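Here is the structure we will look at, set down as structure tokens.
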Amino acid sequence: MKHHRQISILLVFILWSTISGIYAQENQIPKEERLAWFKDAKLGIFIHWGIYSVYGIDESWSFYNGYISYDDYMKQLDGFTAKNYNPDYWAKLIKESGAKYAVITTKHHDGVALWNTNQSELNVVEKTKAKRDLVTPFAEAIRKQELKLGLYYSLLDWSNPNYPNFIKGQKRYESDDAKWNKFVQFNFGQIKELTRFNPDLYWFDGDWEQSAEKWKAKEIRELLLTQNPSTIINSRLQGYGDYSTPEQGVPITVPHNNYWELCMTMNNSWGYQQNDNEYKSVNQIIRIFVDVISMGGNLLLDIGPKADGTIPKEQVDILKVLGTWTTKHEGAIYGTIAGISGDYTTNKTALSKDSSTLYLYVDNRPNGPLLIKGLKNKINRIWVVGNGTKLSYKVVGKQYWSDVPGLLYIELPEHVQDDDVTVIAVLLDGKIDLYGKEGQVIESN
Ligand code: FHN
């Protein structure tokens with residue numbers, strides 16, 4: 001009798017999960033549609049904010065790698081005040097930089113949550129002088145600026161007593177299903193709590209420590225998409241994400257995934273570190289940015305606010321100067337797609353979505369006219385983006401008997417050049433058409 005009851009409960013459960021699974025699948029919006037805003041956005045701002053900003057040390061890794069003891073690391077809880085936290089200012093600054101979305105660390109590997117989670121006491125409301133949920137006002141401010149909201153969440157949690165890994169070389173346990181199941185329950189609990197912010201993007205991290213099966217990555221994805229069918233998920237969910245996330249190193253070749261985002265620090269640290277003054281110059285950041293755009297990707301540029309919630313001056317300055325450049329060149333940034341191969345021109349390039357305008361990013365002072373080879377189209381007009389100056393050009397070397405297009409030379413006078421990267425728009429007579437073969441000789445007969 002008892003046996004029969006168990007079987008029927010199991011059957012009901014299987015039926016329920018099949019129906020809800022089918023429902024979730026049918027409910028799915030095609031990837032291209034869900035990721036359309038992301039593809040066009042091009043620039044996002046990453047925010048690593050946590051107790052590690054108190055001493056100005058590596059986020060989580062400093063205790064994991066033994067540079068500081070766990071207990072001393074956690075003493076930073078006392079110094080995290082957020083007393084000058086002004087999310088409206090943050091959001092305005094992010095908007096001013098030209099970014100279209102922002103991703104904030106709601107919880108890093110150290111397990112300290114920035115919101116009032118019910119799953120653990122280790123959060124800034126209960127354990128720090130901030131005494132309040134810091135995610136809600138951020139989400140509101142971001143939405144007010146009409147930016148997209150991204151939430152970073154570390155799947156691994158080196159503080160959780162039910163998580164196997166603690167610090168390098170020291171595990172809490174090797175294998176213990178009961179503990180692991182408790183941890184999975186905790187993780188799902190926190191992730192469910194995050195859904196109340198209804199983010200446009202979930203940015204997972206730390207997935208490398210466990211398999212998809214152990215994280216229940218598929219179920220996490222289903223949960224998020226059922227709650228909001230148009231949300232998007234980064235790649236760090238053991239194969240269940242939507243887009244790739246190369247980190248720090250600018251890709252040399254175009255990533256395979258059509259949707260990708262390079263996340264990168266301004267100096268050498270994700271969080272605030274007063275000792276790290278190795279900032280990239282704005283010029284370097286803009287050049288990296290156009291490199292990313294030319295390969296069809298996004299740049300997620302990181303800032304690390306201080307423990308009181310202020311953003312370091314160097315980072316504010318970078319965001320503002322970057323904003324001047326992005327505003328001036330917006331037509332050649334947002335909504336563009338990857339450009340043409342370096343075989344045709346030495347400049348980085350991107351294309352308008354309909355491929356009828358070619359953008360050239362000139363990041364050096366040219367010592368002669370710019371050159372594009374192999375362009376079969378007729379040119380309608382060429383101008384400098386951001387100031388509108390019409391540029392003169394010449395097609396040289398075209399032979400009537402050959403299919404090989406002539407060499408397009410574009411004059412770029414010094415007085416129209418940008419201090420960082422000059423952008424040239426080449427308006428074509430239609431979709432770009434490139435010659436892709438070897439040269440040609442007159443056939444003798
Ligand atoms: O371990 C983290 C690191 O601290 C930082 O948060 C970066 C950001 O992409 N992600 C992890 C390493 O991939």
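The values are calculated or read from the model by the stated rules, or taken from the named source; none is laboratory data. Everything numeric here is computed off the predicted structure, so don't read it as measured data. Virtual Cβ from ideal backbone geometry, glycine too; neighbours counted across all protein chains shown.
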- Message: I'm trying to understand the selection: among the residues of the range 369-387, which are under 14 Å from GLN417 (Cα atoms) and in contact with a Leu (Cβ under 9 Å, 6 or more places away or on another chain)?
- Response: PRO369, LEU370, TRP383, VAL384
- Message: Filter the range 49-68 down to the residues that are among the β-branched types (Val, Ile, Thr) and within 13 Å of the ligand (Cβ to nearest atom) and list them by number.
- Response: ILE57
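Here's the yes/no breakdown for (1) touching a helix residue (DSSP H, G or I) at 6+ places or on another chain (Cβ under 6 Å); (2) within 16 Å of the ligand (Cβ to nearest atom):
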{"position": "LEU35", "(1), (2)": "no, no"}
{"position": "LYS39", "(1), (2)": "no, no"}
{"position": "ILE47", "(1), (2)": "no, yes"}
{"position": "MET74", "(1), (2)": "no, no"}
{"position": "GLY98", "(1), (2)": "yes, no"}
{"position": "LYS107", "(1), (2)": "no, yes"}
{"position": "GLY111", "(1), (2)": "no, yes"}
{"position": "ALA141", "(1), (2)": "yes, no"}
- Query: So TYR173 fits all but one of (1) in a loop (DSSP other than H, G, I, E, B); (2) over 26 Å from ASN258 (Cα atoms); (3) touching a strand residue (DSSP E or B) at 6+ places or on another chain (Cβ under 6 Å); what number is the exception?
  - Reply: (3)
- Task: Can you run down the residue pairs with Cβ atoms below 7 Å, 6 or more apart or on separate chains, where the first is in the range 247-270 and in contact (Cβ under 8 Å) with a residue 60 or more places away in the chain and within 22 Å of ILE318 (Cα to Cα) and the partner is within 16 Å of the ligand (Cβ to nearest atom) and among the hydroxyl-bearing types (Ser, Thr, Tyr)?
- Result: GLU261/TYR243; GLU261/THR245; CYS263/THR245
- Query: Here are ARG221, ARG236: which of them is part of a loop (DSSP other than H, G, I, E, B) and of a type in the set (Lys, Arg)?
  - Reply: ARG236
- Query: Within the range 138-153, is there a residue that is among the charged types (D, E, K, R), buried (at least 16 other Cβ atoms within 10 Å of the Cβ) and part of a loop (DSSP other than H, G, I, E, B)?
  - Reply: no
- Count of the range 189-208 residues which are in a helix (DSSP H, G or I) and buried (at least 16 other Cβ atoms within 10 Å of the Cβ): 7
- Go over the candidates GLY331, GLY386 one by one and state the one that is outside any strand (DSSP E or B), without any contact (Cβ under 8 Å) to a residue 60 or more places away in the chain and touching a strand residue (DSSP E or B) at 6+ places or on another chain (Cβ under 8 Å). GLY386
- Note on the structure: Residues in the range 242-265 that are within 13 Å of the ligand (Cβ to nearest atom) and surrounded by 15 or more Cβ atoms within 10 Å (Cβ to Cβ) total 8
- Is it the case that the range 358-370 has a residue that's free of Cβ contacts under 8 Å to residues at least 40 places away in the same chain and not in a loop (DSSP other than H, G, I, E, B)? no
- Looking only at the range 94-110, count how many residues are closer than 20 Å to PRO199 by Cα and either at pLDDT below 95 or out of contact with any strand residue (DSSP E or B) (no Cβ under 7 Å at 6 or more places or on another chain) (or both). 1
- Item | Positions within the range 291-325 being within 21 Å of ALA425 (Cβ to Cβ), away from the ligand (no atom under 16 Å from the Cβ) and crowded, with 21+ Cβ neighbours inside 10 Å, in sequence order | ILE293, SER294, LEU322, TRP325
- Query: Which is over 24 Å from GLN284 (Cβ atoms) and among the aliphatic types (A, V, I, L, M), of VAL423, VAL396, VAL385, VAL416?
  - Reply: VAL396
- Within the range 266-275, residues being out of contact with any strand residue (DSSP E or B) (no Cβ under 8 Å at 6 or more places or on another chain) and surrounded by 17 or more Cβ atoms within 10 Å (Cβ to Cβ) number 5
- Query: Since VAL254 meets every condition but one in (1) within 23 Å of VAL362 (Cα to Cα); (2) at pLDDT 95 or above, which condition does it not meet?
  - Reply: (2)
- Item | Which numbered condition SER235 misses (of (1) within 13 Å of the ligand (Cβ to nearest atom); (2) closer than 19 Å to TYR202 by Cα; (3) surrounded by 21 or more Cβ atoms within 10 Å (Cβ to Cβ)) | (3)
